[in-house]
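Remarks on the structure that follows.
The values are calculated or read from the model by the stated rules, or taken from the named source; none is laboratory data. A quick note: this is a predicted structure, and the numbers were derived from the prediction, not measured. No Cβ is skipped: glycine too gets one built from the backbone with ideal geometry, and neighbour counts run over all protein chains shown. Quick note on the areas: whole protein, heavy atoms, side chains included, nothing else; ligands and nucleic acids left out. Shrake-Rupley method; radii C 1.70, N 1.55, O 1.52, S 1.80 Å.
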Amino acid sequence: MVDYLLSFGWITSESVKRAFLEVDRKYFIPKNFQSDAYSDNAYPIGSGQTISAPSVIAHMLEKLYLNGGMNVLEIGTGSGYNTALISSIVGKKGKVVTVERIKELSSLAENNIKNSGLDAGNIELAVGDGTEGYFESSPYDRVIVTGGIPYIKKEMPLVKQMKEDGILVAPVGERFYQNINVFFKKDGRIVKTLPVLFVPIIGKYGFSEK
Ligand code: SAM
């Protein structure tokens, strides 16, 4: 799985690669999908929710530019897989707070993390509406939203609870169609960046030369 993510460019940094090697996805995949634990697919985890595809998770983690010691807020714990990966990257001096709306999934994630054997001392699990953020452990260096959200605005608690120069990554858009967006907090405002920048295709059905 890691070779696949590297070869397709989903993993580009050493820190994200190390986390994917440390955290075994099989502990976060339901029993009936175990044979597909390392496939690049999303799977149902109960309560109508899914564990995201590894490529999507890797892409979002790369855009977060995580470092050891950072304080991270995750919205949408789900299976706890992404939480475990963040925990592995930020290390003992860092912290990840993860908020899940569905109590059963938060408990599932807690069990999954425990079974995976990861040292979970830097993980705090909370149940509630993550769009309200989690004030108690703020301010955050990074915020990651793991489900589709209609917009990100500077008035939102998620942004207010983020440090200046912090980065927020979220799939933003319609209920069933989103793009992964990256936001920076600058002077209390939120600046959206394009996650990727391509050179133009020049041609009859592409861009004109000038
Ligand atoms: N990151 C997870 C993983 O690795 O398994 C997958 C997350 S899943 C795609 C999105 C999660 O967001 C679901 O578990 C869902 O219950 C949760 N969710 C939806 N609305 C929420 C809210 N307002 N606050 C917190 N969690 C929410």
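In a simple Cβ point-charge model (Lys, Arg +1; Asp, Glu -1; nothing else charged), region 25-119 has a dipole of about 220 debye relative to its Cα centre. Remark: the chain carries 55 Å² of accessible area per residue (probe radius 1.4 Å; ligands, DNA and RNA excluded). Students often get this wrong, so check it: of Lys154/Lys210; Lys93/Lys192; Lys26/Lys163; Lys103/Lys160, which have C-alpha atoms separated by over 32 Å? Violating the 32 Å Cα-Cα cut-off are Lys154/Lys210; Lys26/Lys163. Apply the a/c threshold of 1.5 to the C-alpha gyration tensor of region 49-142 and tell me whether it is rounded, prolate or oblate. Rounded.
By accessible area, using a 1.4 Å probe on protein heavy atoms only, region 2-196 has 51% of its surface on carbon and sulfur. A cut-off under 12 angstrom between Cβ atoms defines the neighbours of Leu158, and their net charge, with Lys, Arg +1 and Asp, Glu -1, is +1. Here the contact order of the chain, divided by its residue count and restricted to Cα pairs under 8 Å and six or more residues apart, works out to 15 percent. Where does the charge balance sit around Met60 when Lys and Arg score +1, Asp and Glu -1, over other residues with C-beta under 13 Å from its C-beta? Taking every other residue near Met60 into account, the sum is 0.
When DSSP beta bridges are restricted to pairs lying wholly in the chain, around 45% turn out antiparallel.
Take each peptide in 47-55, 165-173, count the other Cβ atoms within 10 Å of every residue, and average; sorted highest first, the result is 165-173, 47-55.
Largest first, the residues Arg101, Arg18, Arg175 sort by 1.4 Å accessible area into Arg175, Arg101, Arg18. Rounded, prolate or oblate: pick one for the chain, where a ≥ b ≥ c are the square roots of the eigenvalues of its C-alpha gyration tensor, a/c under 1.5 means rounded, and failing that, prolate if a/b is larger than b/c, else oblate. Since a/c reaches 1.5 but b/c is at least a/b, the shape of the chain is classed as oblate.
Here the dipole of the chain is about 420 debye; that uses its Cα centre as origin and unit charges on the Cβ of Lys and Arg (positive) and Asp and Glu (negative). Taking a Cβ cut-off of under 13 Å around Phe184, the surrounding Lys, Arg, Asp and Glu residues balance to a net charge of +4, with basic ones at +1 and acidic ones at -1. Decide, for region 115-186, between rounded, prolate and oblate: order the square roots of the alpha carbon gyration tensor eigenvalues as a ≥ b ≥ c, take rounded if a/c falls under 1.5, and otherwise choose prolate if a/b is larger than b/c, else oblate. Since a/c reaches 1.5 but b/c is at least a/b, the shape of region 115-186 is classed as oblate.
Centre-to-centre separation between the Cα atoms of region 106-132 and those of region 1-26: 21 Å.
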